[in-house]
Structures are given as structure tokens and as C-alpha cells.
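Undergrad: Dumping the structure here so I can ask a few things about it.
Here, each number is a calculation from the coordinates, and none is a lab measurement. Please read all numbers here as calculations on a predicted model, not as lab measurements. Neighbour counts run over all protein chains shown; Cβ positions are idealised from the backbone, glycine included.
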Amino acid sequence: MELKQKRRDEIPQEYQWKLEHIYESAIKWQESIDELQNELKEVEKFKGNLNTGQSLLDCLNMVNKIDEKLSSIFAYARMRLDEEGSIPSSQAMTDKAQTLWVKVLSTVSFVDPEILALSKEDIQNFISSTPGLELYNHYLNDLMRKKPHVLSAEIEKILADSGEIGNASSNIYNMLKDTDLKFGTIVDENGDTVTVTQGRFISLLQSSDRRVRKETFELYYDAYLNLKNTMASLMSSNVKKDVFFSKTRNFNTSLEASLHENNIPTTVYEQLVKTVNEFLPALHKYMGLRKKVLKLDELHAYDLYVPIVENVESKISYEDAKVKLVEGLRPLGEEYIKAMQEGMKSENGWIDVYENENKSSGAYAWGTYSTHPYVLLNYDGKMDDMFTLAHEMGHAMHSFYSNANQPYMYAGYSLFLAEVASTVNEALLMEYMLKSTTDKKMVAYLLNEYLEQFRTTVFRQVMFAEFEAKTHEMVEDGQALTMETLNGVYRELNEKYYGKDVIIDDKLDIEWARIPHFYRAFYVYQYATGYSSAIAISQKILQEGKKGEEATTAYLEFLKAGGSDYPINVLKKVGVDMESPEPVREALKVFEGLINQLQELLS
């Protein structure tokens with residue numbers, strides 16, 4: 001029997017998101033574009049006239065109105081493409097939305113330079129004398145902080161106009177990965193012919209049959225190796241784009257440019273890498289334990305995802321996963337639970353649950369300010385999928401609370417904060433599962449899952465962060481990024497992170513080509529900082545007894561804060577200081593303790 005991907009029309013409607021909550025139809029979507037085009041003509045009237053508090057207020061209000069509408073236009077088009085990428089009309093809508101995005105950026109590009117031409121005294125006088133302008137106080141102060149990197153209106157317009165070109169490598173990569181890249185079929189442990197897909201890759205690597213794991217691994221990476229030069233060219237173009245924009249804006253490095261947006265010191269990034277490197281012996285110890293328990297002469301990359309505890313029923317239906325999630329997150333209080341339950345009701349259309357042909361791989365949470373959040377899953381019935389649901393609902397609830405409590409301009413939280421809420425959910429769910437399970441095998445299985453969260457969210461992401469830093473430094477130093485140099489850097493990092501007990505197969509050298517986050521410069525390190533922050537927050541909520549209510553209240557305030565302050569400050573208000581190495585160090589001490597628990601349980 002051959003197990004093929006289902007067509008989208010074969011997925012029941014109750015398991016599909018309802019994008020019609022954003023726009024009833026493509027016609028309504030186009031009408032919104034037409035409205036925005038007219039509003040762009042209006043905002044141009046402010047050009048050269050930001051010389052009074054009232055004109056500044058009216059301009060900023062208009063720009064935010066346009067930006068909110070644009071975000072809905074883009075989200076709708078992109079999510080239509082993500083649900084089934086082969087449909088030409090969805091491809092055309094996304095192209096149109098991206099073109100419009102560039103046009104909007106170009107049209108409003110005069111605003112920041114004109115504001116920055118004012119003095120700090122002028123701006124403060126405008127704020128104090130113009131009712132309503134105080135809303136923009138944080139935005140205006142932050143803009144003044146960025147002044148050394150904002151260029152003339154003419155150059156800002158050119159940079160905005162080049163945005164579509166700058167996104168080309170990312171767009172081409174995503175189309176290759178999600179639509180054109182095919183992996184073929186294998187015969188699984190049950191004798192069924194299974195089509196290998198992006199969504200099924202990790203599930204197949206969790207097979208207890210090593211032949212299935214090895215064949216999946218080889219088939220999957222062979223597809224990337226067949227496009228190795230194309231993939232290297234795309235990556236090189238992507239990194240060069242980052243370097244170009246950082247230099248143009250007078251930054252010393254691409255890393256500095258990326259972190260500057262949210263006022264994150266580069267020392268936070270460097271300190272994270274250094275601290276995680278201090279704990280690599282713990283990761284090596286875990287790899288040694290995995291090799292021993294699996295009774296393998298050689299531990300390969302395709303052996304890293306299989307549970308090391310045999311004969312444990314790890315499948316869980318989507319409906320059962322929702323029940324477990326509710327129980328696991330009860331420490332967050334009834335207000336949170338009730339809102340999350342509403343979000344997970346099929347009739348409310350938040351979640352697109354199952355994989356279908358040409359659907360975007362992986363999972364994410366997105367949405368618009370004026371509607372509810374949306375969650376894309378590729379649920380396959382594994383325990384990991386339950387934790388993915390927890391993760392993405394964490395993002396969704398963060399947006400839900402932020403949108404409900406902040407004006408549009410401050411509702412969007414930064415990437416630095418984005419992974420905190422998602423990981424708090426995962427950590428609380430894991431603690432619940434461990435405490436509510438009496439079967440020793442299941443406890444060992446869950447401990448292994450917990451360790452895997454650390455491995456994939458902290459160690460693996462920091463390894464990616466080192467790869468990003470190294471490749472950008474190479475381009476900044478005038479070196480070429482070729483398939484050979486990219487593979488070489490990636491191999492060295494794998495060898496350092498995984499140690500002597502893991503055989504680094506040659507095919508793994510191309511793994512960098514399957515990581516979509518590399519097309520979003522210096523994004524991945526925030527998984528590790530977010531995870532570390534989340535472990536600190538979840539431990540406070542669980543351990544402080546009566547004070548746990550205070551911790552929960554502080555956490556809900558964190559969710560409501562959105563982007564109303566710099567992310568470092570938002571985290572400090574909930575008791576986490578990421579300018580110190582301690583949150584990362586404390587999280588990795590938990591990792592060490594979990595290894596010892598599992599080792600004792602399996603001895």
C-alpha cells in the first residue's frame with residue numbers, strides 16, 4: 001500500500017483554517033488593495049510638511065492605518081500560498097502583495113528622515129503640545145536612537161524600492177523547498193510505500209527500523225545534493241544581501257545591523273554562543289548515553305531523532321493533544337485556558353491542522369491585528385506534534401493578548417521575545433506529562449523528549465547561529481561562499497557540537513540548505529534565548545507556591561506588553577535578565593540534571 005499526501009480538498013473543513021475571516025473573497029482582498037492605493041496618495045501630501053505636531057500626528061496615524069491594512073493584505077495572500085503553493089492564483093496574489101509592500105515602503109520612506117531632521121527639543125515640544133502624539137513617544141525616541149543609520153530621504157527610497165530584489169533569494173528558495181523539491185518514496189517498517197516529504201521527514205527519522213531512518217536520510221539529502229550549486233548560490237546571494245544593507249546603513253557588521261533594530265547588544269549573541277559552548281560536554285554525554293541505550297556501534301545523524309525507549313506508545317491524535325495541552329497549561333490560569341480553548345475550537349478557524357500536497361512544511365503562527373491569530377501545522381500524530389501544537393499556540397496566545405491590549409503600532413512583539421511564550425507552553429506541558437505519568441518507560445520517553453527540546457532548541461539553534469555568524473563574517477572579509485566552503489563550515493560545527501560519539505555523514509554537510517530560517521538573518525539565536533527565558537519563567541510559575549500566582553500575573557502582563565518597550569526591558573519586568581549569562585547557564589543546568597535522571601532510570 002502506498003501512503004500518499006492528501007489533496008487539500010480531501011482534508012475535512014473542520015481541520016482547515018478560515019482565511020475568509022480576513023477577507024471574504026479574493027475580490028474583497030483586491031478592494032482592500034485599491035483602498036490602500038488611494039491612501040498612499042493621501043500620505044504623500046505630508047511630504048515636506050512634518051513641521052508641526054498636528055501634521056506629524058496625522059501623518060503617523062495615516063502611516064499606521066496603511067501598515068495595518070498592508071499586513072492583512074500580505075498575510076492573506078501568503079497564507080493562501082502556504083496552504084497550497086501550486087495554485088497559480090495564490091502565487092500571483094503573493095507576488096502582488098510583495099510588490100505592494102515595496103511600493104508602500106517606498107512611498108512612506110520620507111517619514112523617518114524628515115522626523116530625524118527635527119531636533120529632540122522640537123519633537124518633545126510637539127509631544128507636549130499635541131494631544132494624541134504622546135502615543136508615539138516610544139516610537140519617536142527609538143527613531144532618534146537609530147538616527148546614525150537612517151539615511152537621506154532619497155537613499156531611503158532607493159533602499160525601499162530594492163526590497164523586492166533583496167527578497168528574491170528567499171522567494172526562490174521557498175518555492176524550491178516547498179513546491180519543486182521532490183524526495184521519492186521508501187518502504188516503511190510496515191511494508192507500506194511512503195512518499196518522503198518535508199512534513200514527514202522527522203517522523204520517518206523517528207522510526208524504530210534503522211533501515212527506514214537511513215534510507216529516508218539518504219533520499220532526503222540526495223534531493224538537496226542534486227541542487228547543491230543552486231542552493232549555494234542562493235545562500236551566497238542571501239548573505240551578500242544582508243552585508244550590503246548593513247554596510248549601506250553604516251553598521252560595522254551584519255550582526256550589529258540585525259540586533260540594532262530591537263536594541264539588543266551584540267554581546268548577548270556572543271555571550272550565548274560562549275555559554276552554550278561551555279556546556280557542549282553535556283551534549284556529548286547525552287550523545288554517548290543515546291549510543292549506549294540504542295546499542296549501536298556507530299551513532300549517525302539519522303539516529304538522533306528516534307526515541308531511545310522502545311515499545312512506548314507515542315502516537316497521539318490531534319483531538320487528544322488538545323485535551324492534554326489544556327491540562328498542562330492550567331498553571332497559567334482560567335483566563336488563559338478559556339481563551340486558548342476558544343482558539344482551538346474548529347469552528348473558529350484558527351488552525352490548519354494536517355499536511356496536504358504542496359502545503360508549506362513545518363509550522364508557524366501568524367495573523368492580523370484585526371482578526372484572530374492563525375496557526376499552520378502539519379500534524380502527523382506523533383508526540384512531537386503535540387508539543388508543536390503547544391509551541392504554536394503559545395505564539396498565537398501571545399499575539400491574542402498583545403493585540404487585545406496594545407495599539408497596532410505596539411502590538412507586534414519582537415523576534416527576541418517571540419519564542420518565549422511558545423516555549424513556556426512546551427515546558428509546562430512537559431512538566432505536566434512527567435508528573436502525571438507513573439509508567440517508568442513513559443517517564444524515560446518524556447525525559448528523552450525534554451532532552452531533545454534542549455538539543456534542538458538550544459544547542460542546535462546556537463550551532464546554526466555560529467554558522468550564520470561565520471558565513472556573514474566570511475563575506476564581510478571578502479571571501480566567497482561556495483558549496484565547498486558552506487559544507488566545510490557546517491561539518492566543522494557538527495563535529496564540534498556532537499563530539500566523538502556521532503558519525504558526521506558526508507550527506508549531512510548539505511543540511512544548511514534545508515534550514516529556511518537562514519533566509520531571515522540572525523533569527524535562530526532567539527530560539528535559544530527564548531527557550532532559556534521560558535525555562536526560567538515556567539520554573540517560577542511552577543515552584544513559587546502562592547508566589548506562583550504573582551509569577552503567572554507577571555507572565556500575562558508580559559504577553560500583553562507586545563512591543564511597547566525594548567525586548568530586554570520587557571523580559572526584565574518578568575524577572576529575566578538576558579544581558580547576563582545566567583538564564584542560559586541555569587537552563588543548561590536543567591539539561592544536565594535531565595541527563596542524570598534518564599541515565600539513572602535506564603541503568
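Undergrad: What do you get for Rg/Rh of the chain when both radii come from the Cα atoms and Rh is the Kirkwood radius?
TA: Rounded to two decimals, Rg/Rh equals 0.95.
Undergrad: Further, regarding this structure: Shape call for the stretch 242-399 from the C-alpha gyration tensor, a ≥ b ≥ c root eigenvalues: rounded (a/c under 1.5), prolate (a/b greater than b/c) or oblate?
TA: Cα axes put the stretch 242-399 in the oblate bin.
Undergrad: Considering lysine pairs in the stretch 432-575 that are 8 or more places apart or on different chains, how many have Cα atoms under 29 Å apart?
TA: Total qualifying Lys-Lys pairs in the stretch 432-575 comes to 21.
Undergrad: Now, a different point. What do you get for the angle between helix 334-344 and the principal long axis of the chain? Use alpha-carbon atoms, 0 to 90 degrees, nearest ten.
TA: Approximately 80 degrees, to the nearest 10.
Undergrad: Quick one: net charge around Asn448, please, counting Lys, Arg +1 and Asp, Glu -1 for every other residue with C-beta under 12 Å from its C-beta.
TA: -1
Undergrad: In what order do Leu283, Leu332 fall by count of nearby beta-carbon atoms within 10 Å, going from fewest to most?
TA: Fewest-to-most Cβ neighbours within 10 Å comes out as Leu332, Leu283.
Undergrad: Okay, next question. Assuming 0.36 nm per residue, please report the length gained on full extension of the stretch Glu270 to Ser55 beyond their Cα-Cα distance.
TA: So the chain would gain 73.1 nm between Glu270 and Ser55.
Undergrad: What is the order of Tyr497, Tyr374, fewest Cβ neighbours within 10 Å to most?
TA: Taking fewest neighbouring Cβ atoms as first place, the list is Tyr497, Tyr374.
Undergrad: Using Cα positions and a limit of under 16 Å, work out the lysines in reach of Lys247, with same-chain residues fewer than 8 apart set aside.
TA: Partners within reach: Lys146, Lys147.
Undergrad: Projected area of the stretch 18-166, taken from the Cα convex hull and averaged over every viewing direction, in nm²?
TA: 9.9
Undergrad: Roughly how far apart, in whole Å, are the Cα centres of the stretch 23-101 and the stretch 172-233?
TA: Value for the Cα centre distance between the two parts: 37 Å.
Undergrad: Something else about it: Mean residue ellipticity at 222 nm from the helices of the chain, using -39,500 (n - 2.57) per DSSP H segment of n ≥ 4 over the full residue count, to the nearest 500 deg cm²/dmol?
TA: It comes out at -20000 deg cm²/dmol, rounded to the nearest 500.
Undergrad: Have a look at Leu133, Gln98, Ser32 and report the one farthest towards the positive end of the charge dipole of the stretch 18-166, computed about the Cα centre with Cβ charges (Lys/Arg +1, Asp/Glu -1).
TA: Most positive-ward Cα: Leu133.
Undergrad: Right, another one. Report, to the nearest 10°, how far helix 210-225 tilts away from the longest principal axis of the Cα atoms in the chain, using its own Cα long axis and a range of 0 to 90°.
TA: So the helix axis and the longest Cα principal axis differ by about 30 degrees.
Undergrad: If we count other beta carbons within 10 Å of each Cβ, what is the order of Asp577, Asp58, fewest first?
TA: If I rank by nearby Cβ atoms, fewest first, I get Asp577, Asp58.
Undergrad: Right, here's the next one. Suppose we keep just the DSSP beta bridges with both residues in the chain; what percent of those would be antiparallel, to 5?
TA: 55
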